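Student: Handing you this structure, nothing more for now.
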Amino acid sequence: MRWLVVGAGGMLGQDLTAMLEERGETVRAVDRDTVDITDAAASAGIAEGVDVVVNCAAYTAVDRAEEDEAAAFAVNAVGAANVARAARLAGARIVQISTDYVFAGSASSPYPEDGAPAPASAYGRTKVAGEWAVRAECPDHLVVRTAWLYGAHGPCFPKTIVRVARERGTLDVVADQVGQPTWTVDLADLVHRLVVAQAPSGTYHGTSSGQTSWHGFATAAVEAAGMDGAIVRPTSSDGYVRAAARPSYSVLGHDALAAAGVAAIGPWAARWAAAAATVLA
């Protein structure tokens, strides 16, 4: 199968590209230095000769998006539309990577794939717009939402936590925001499995199973680095006011994966145990 990975220089894009190549797929990788997806003319034709396009490109500076929503919209919505249009015209399937931020984050049970979007931030609004654009531009699509993503090829929560723990000795981490830490390698694997299984077009959730708080994840991170988890102290989000609202509940359900006969990613703690050495190296 012939693949195009857009946003290949990012944390997910690098792992996806490497995994596809390891599995014998033909891969073409592009990033913002080679293709400006916000430019319709520059994006036209990028999918020629491929079977699957995976759009990993995104404006992910959540707080900065509150001040410059237009910049986030250009990448997350206009860019997604341009890539999806190119995929449709080339007869390719598109996989659009999206986010838990499309939901309000105020639920108490896992968000279903068909739950009504209610973003509470500029970033979330632009990602919802991107989902709609992809669905409109390319009927042969898979929208895959993920959350709390971490990996070896870029800044991420566990790396930051371990660095701060070593520098300060103790740290306070919020315990009232809950979600599903997800390894980029596992998400890349899920994307490949969805495509190989010829999953029906639609929306899927690409997160680890189970749930934890940021405090719980931070504790697991420092323990994986050989430190005492007790140095991570729980606190509330009241003391960490930021420009963009953070979802207090980011747990996503996996019913669509089950219906498609595709196994969900395993429990977050087990997957972190498998990932920790690579991510923290």
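The values are calculated or read from the model by the stated rules, or taken from the named source; none is laboratory data. Computed from a predicted model, the values in this text were never measured in an experiment. Neighbour counts run over all protein chains shown; Cβ positions are idealised from the backbone, glycine included.
Student: Do you know which residues across region 229-250 are in contact with a strand residue (DSSP E or B) (Cβ under 6 Å, 6 or more places away or on another chain) and either under 27 Å from Gly202 (Cβ atoms) or acidic (Asp, Glu) (or both)?
Tutor: Tyr249, Ser250
Student: Hey, Gly79 hits all of (1) under 18 Å from the mean Cα position of the chain (by Cα); (2) in a loop (DSSP other than H, G, I, E, B) but one; which does it fall short on?
Tutor: It fails just one condition, (2).
Student: State whether one or more residues within region 130-141 are closer than 20 Å to Leu187 by Cβ, touching a helix residue (DSSP H, G or I) at 6+ places or on another chain (Cβ under 6 Å) and of a type in the set (D, E, K, R).
Tutor: No: region 130-141 contains no residue that is closer than 20 Å to Leu187 by Cβ, touching a helix residue (DSSP H, G or I) at 6+ places or on another chain (Cβ under 6 Å) and of a type in the set (D, E, K, R).
Student: I want to confirm something. Restricting to region 230-249 and keeping residues that are over 18 Å from the mean Cα position of the chain (by Cα) and among the basic types (Lys, Arg), which single residue is surrounded by the fewest Cβ atoms within 10 Å (Cβ to Cβ)?
Tutor: Looking at residues that are over 18 Å from the mean Cα position of the chain (by Cα) and among the basic types (Lys, Arg), I get Arg242.
Student: Also: Only one of these is in a loop (DSSP other than H, G, I, E, B), under 19 Å from Gly179 (Cβ atoms) and touching a residue at least 60 places away in the same chain (Cβ under 8 Å): Ala256, Ala245, Ala263. Name it.
Tutor: On inspection, the qualifying residue turns out to be Ala245.
Student: For region 94-117, how many residues meet the condition of being over 21 Å from Ala61 (Cα atoms) and buried (at least 21 other Cβ atoms within 10 Å of the Cβ)? Before the answer, list the steps.
Tutor: Pass one, region 94-117, residues over 21 Å from Ala61 (Cα atoms): 94-95, 106-116.
Now drop any that are not buried (at least 21 other Cβ atoms within 10 Å of the Cβ), which leaves 94-95, 111.
Number of matching residues: 3.
Student: To continue, here is another question. Got a sec? Which helices (runs of 4 or more DSSP H) wholly within region 102-207 have at least 1 residues that are within 14 Å of the chain's Cα centre (by Cα), over 30 Å from Val50 (Cα atoms) and at pLDDT 95 or above?
Tutor: Fully inside region 102-207 and qualifying: 157-168.
Student: Being closer than 22 Å to Ala188 by Cα, at pLDDT 95 or above and crowded, with 21+ Cβ neighbours inside 10 Å narrows it down to one residue among Ala65, Ala72, Ala58; which is it?
Tutor: Answer to the check: Ala58.
Student: So Ala57 fits all but one of (1) assigned to a loop (DSSP other than H, G, I, E, B); (2) out of contact with any Asp or Glu (no Cβ under 8 Å at 6 or more places or on another chain); what number is the exception?
Tutor: Against the list (1) assigned to a loop (DSSP other than H, G, I, E, B); (2) out of contact with any Asp or Glu (no Cβ under 8 Å at 6 or more places or on another chain), Ala57 comes up short only on (2).
Student: For region 28-55, name all the residues that are closer than 15 Å to Val191 by Cα and either under 18 Å from the mean Cα position of the chain (by Cα) or buried (at least 22 other Cβ atoms within 10 Å of the Cβ) (or both).
Tutor: Val52, Val53, Val54, Asn55
Student: Just to check your reading of the model, which residue among Ala175, Ala221, Ala188 is surrounded by fewer than 20 Cβ atoms within 10 Å (Cβ to Cβ) and small (Gly, Ala, Ser)?
Tutor: Ala175 is the lone residue from the list that is surrounded by fewer than 20 Cβ atoms within 10 Å (Cβ to Cβ) and small (Gly, Ala, Ser).
Student: Kindly establish whether Arg125 is touching a helix residue (DSSP H, G or I) at 6+ places or on another chain (Cβ under 8 Å), buried (at least 16 other Cβ atoms within 10 Å of the Cβ), of a type in the set (Lys, Arg) and in contact (Cβ under 8 Å) with a residue 60 or more places away in the chain.
Tutor: No.
Student: Would you be able to say whether some residue in region 15-38 is at pLDDT 95 or above and within 18 Å of Ala129 (Cα to Cα)?
Tutor: yes
Student: Are any residues in region 250-281 hydroxyl-bearing (Ser, Thr, Tyr) and buried (at least 20 other Cβ atoms within 10 Å of the Cβ), and if so, which ones?
Tutor: The one that is hydroxyl-bearing (Ser, Thr, Tyr) and buried (at least 20 other Cβ atoms within 10 Å of the Cβ): Ser250.
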